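What follows is calculated from the coordinates using simple rules that are stated; it is not laboratory data. Here the structure is a predicted model, which means the values were calculated and not measured. Counting neighbours? That spans all protein chains shown, and the Cβs are built from the backbone with ideal geometry, glycine included.
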Amino acid sequence: MAYAKRTDANQAEIVKTLREAGADVYDLSKVGKGIPDLLVTFNGETILMEVKRDAKAKFTADQLKFIAKWKGGPLSRVDSPESALRVIGLIAKKDYNH
């Protein structure tokens, strides 16, 4: 089945910030089928990140199915460079005001 997959406008900035912080970032956004947008490796950990345009953006039905079945490592929703840095541990949760 064909689909129109677009990346959220903030994804490029999130990827840039993660890479500048020393993370390896792989763009999975074209895969579709509910697979999260980014595969991030940092300090020996692999994290999947779903990029959303803002805190109000909802998951698609396919994303919810993937999340429900996911048995791997961390899978996080991010909507800003700061939230991505918090996920990889470079910003403490108490220091993050979003």
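Annotations for the structure displayed:
- For the chain, the relative contact order comes to 25 percent (Cα pairs under 8 Å, sequence separation of at least 6).
- Around the Cα centre of the chain, unit charges on the Cβ atoms of Lys, Arg, Asp and Glu (plus for the first two, minus for the last two) sum to a dipole of about 440 debye.
- If the Kirkwood radius is taken over C-alpha pairs of the stretch 21-76, then at 4 °C and 1.567 mPa s the Stokes-Einstein diffusion coefficient equals 109 µm²/s.
- Computed over the chain, the Cα gyration tensor eigenvalues convert (square root of 5λ each) into semi-axes of 21, 14, 14 Å, ordered from largest to smallest.
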